[in-house]
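Encoded as structure tokens, the structure appears first; notes follow it.
The values are calculated or read from the model by the stated rules, or taken from the named source; none is laboratory data. On a predicted model such as this, the values are computed, not experimentally measured, just so you know. Neighbour counts run over all protein chains shown; Cβ positions are idealised from the backbone, glycine included. Side chains are part of the model used for accessible areas, which takes the heavy atoms of the whole protein and leaves out ligands, DNA and RNA. Shrake-Rupley method; radii C 1.70, N 1.55, O 1.52, S 1.80 Å.
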Amino acid sequence: MNFNVAVIPGDGIGPEIVNEARKVLDAVGAKYGHTFNYTEVLMGGVSIDAHGVPLTDEALATAKASDAVLLGAVGGRVGIDKWYELPPNLRPEAGLLAIRKGLGLFANLRPAYLYNELKAACPLKESVADAGFDMMVVRELTGGLYFGERKTEEVNGVMTAIDTLKYDENEIRRIAIKAFDIARKRSNKVISVDKANVLDSSRLWQKVVNEVAKDYPDVTLEHMLVDNCAMQLVKDPSQFDVILTENMFGDILSDEASMITGSIGMLSSASLAEGKFGLYEPSHGAAPDIAGKNIANPIATILSAAMMLRYSFDLDKEANAIEDAIKSLLADGYRTVDIMSEGMKQVSCSEMGDLICERV
Ligand code: IPM
Ligand code: MG
């Protein structure tokens, strides 16, 4: 089959890691008889340099016209890169928020999985790491504090800033349905995370999630307060399967979940719209300090490409081939520098890409 993929290399290590993901997609295409046509799109700092804005209308339209989007990373160094002298709505990260909203990417899937081979890198104590974990954070991505009205103004001579946390029942319902559907393909357990002891938006969240749960009698539902969840993630991460939560909580908890895997360089993510369309990107950022050195870990981006095959193109067999190739390379001791340990074989970004191509 033929697929049109909009590719956004972005900033920092973005171009290097996206390049490896394209190589792997092409290797999969050659083996299984698919063609991926790529259209490059500018976003983030590189778009600011070229067009003065982090995402142009044309770039958004190109992404929209594709079957799926593959993204590297955007952003630079605050205080060093001149992009951060611009007003907040013109900085690289604003491009990311604009594309999420513009493409209707309301469901952000962030898997956090502890590889057996990388257990030593887990910062939790051995008995906790030994139990292992495999969770999926399902984060609402186009509502809440990120997109509510905000302003900074002087009120009675006092500088005052306001951000608004707003959710309607439809926004909650569609992300809850996504989470329950995903739980069905995993271990049939959803933990919905909120702050219902304080926030109205969380009380509505609980009510709607309970309604959705009625359609999934085979899936267990538990509600957990966000502060408790932060604690449970380091105390006993093995209790989690699907974590369903709103935008801001999901931002914070997904970073926590990624940290306990030992390497953010391994974690993929998908941001899905209604239907099959999605944007796929590593969970990590642009890492400008190591850009251009061919030492970045491309695995998160390559696993994101695998998610693209699975969720947007229904190519499960091909996605498995990528995931299995990566597991076998780890088992054989191949490591990029971020996950390197004694006795292992250190490889560069492009060598890791080549090895994965050979094994798909
Ligand atoms: C993420 C990032 C973004 C977010 C930033 C860069 C705006 O932290 O994807 O988690 O907060 O959503
Ligand atoms: Mg974040």
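Among the residues of region 56-66, is any touching a Gly at 6+ places or on another chain (Cβ under 7 Å), more than 18 Å from residue 287 (Cα to Cα) and not in a helix (DSSP H, G or I)? Within region 56-66, not a single residue is touching a Gly at 6+ places or on another chain (Cβ under 7 Å), more than 18 Å from residue 287 (Cα to Cα) and not in a helix (DSSP H, G or I). How many residues are in contact with a Lys or Arg (Cβ under 9 Å, 6 or more places away or on another chain) and modelled with pLDDT under 95 if we restrict to region 319-338? Number satisfying all stated conditions: 0.
Total residues in region 264-294 satisfying the condition of being polar (S, T, N, Q) and away from ligand 2 (no atom under 15 Å from the Cβ): the figure is 1. Among the residues of region 214-253 satisfying the criterion of being within 16 Å of ligand 2 (Cβ to nearest atom) and charged (D, E, K, R), which is most open to solvent (accessible area, probe 1.4 Å)? The extreme case among them is 251. Among the residues of region 36-62, the ones that are open to solvent by 40 Å² or more (accessible area, probe 1.4 Å) and polar (S, T, N, Q) come to 3 in all.
Considering only residues in region 253-312 that are among the aromatic types (Phe, Trp, Tyr) and farther than 19 Å from residue 14 by Cβ, the one that is modelled with the highest pLDDT turns out to be 277.
In summary, residue 319 fulfils each of the numbered conditions (1) closer than 29 Å to residue 6 by Cα; (2) open to solvent by less than 20 Å² (accessible area, probe 1.4 Å); (3) in contact (Cβ under 8 Å) with a residue 40 or more places away in the chain with the single exception of condition (3). Of all the numbered requirements in (1) more than 16 Å from ligand 1 (Cβ to nearest atom); (2) of a type outside the set (Phe, Trp, Tyr); (3) open to solvent by less than 30 Å² (accessible area, probe 1.4 Å), residue 116 misses one, and that requirement is (3).
Take the residues in region 181-213 that are over 18 Å from residue 134 (Cβ atoms) and touching a helix residue (DSSP H, G or I) at 6+ places or on another chain (Cβ under 6 Å), then tell me which one is most open to solvent (accessible area, probe 1.4 Å). By that ranking, first place goes to 195. Tell me, which strands (runs of 3 or more DSSP E) wholly within region 234-328 include 3 or more residues that are away from ligand 1 (no atom under 15 Å from the Cβ) and assigned by TED's automatic domain parsing to the domain that holds residue 358? Because the criterion is at least 3 residues that are away from ligand 1 (no atom under 15 Å from the Cβ) and assigned by TED's automatic domain parsing to the domain that holds residue 358, no strands (runs of 3 or more DSSP E) in region 234-328 meet it.
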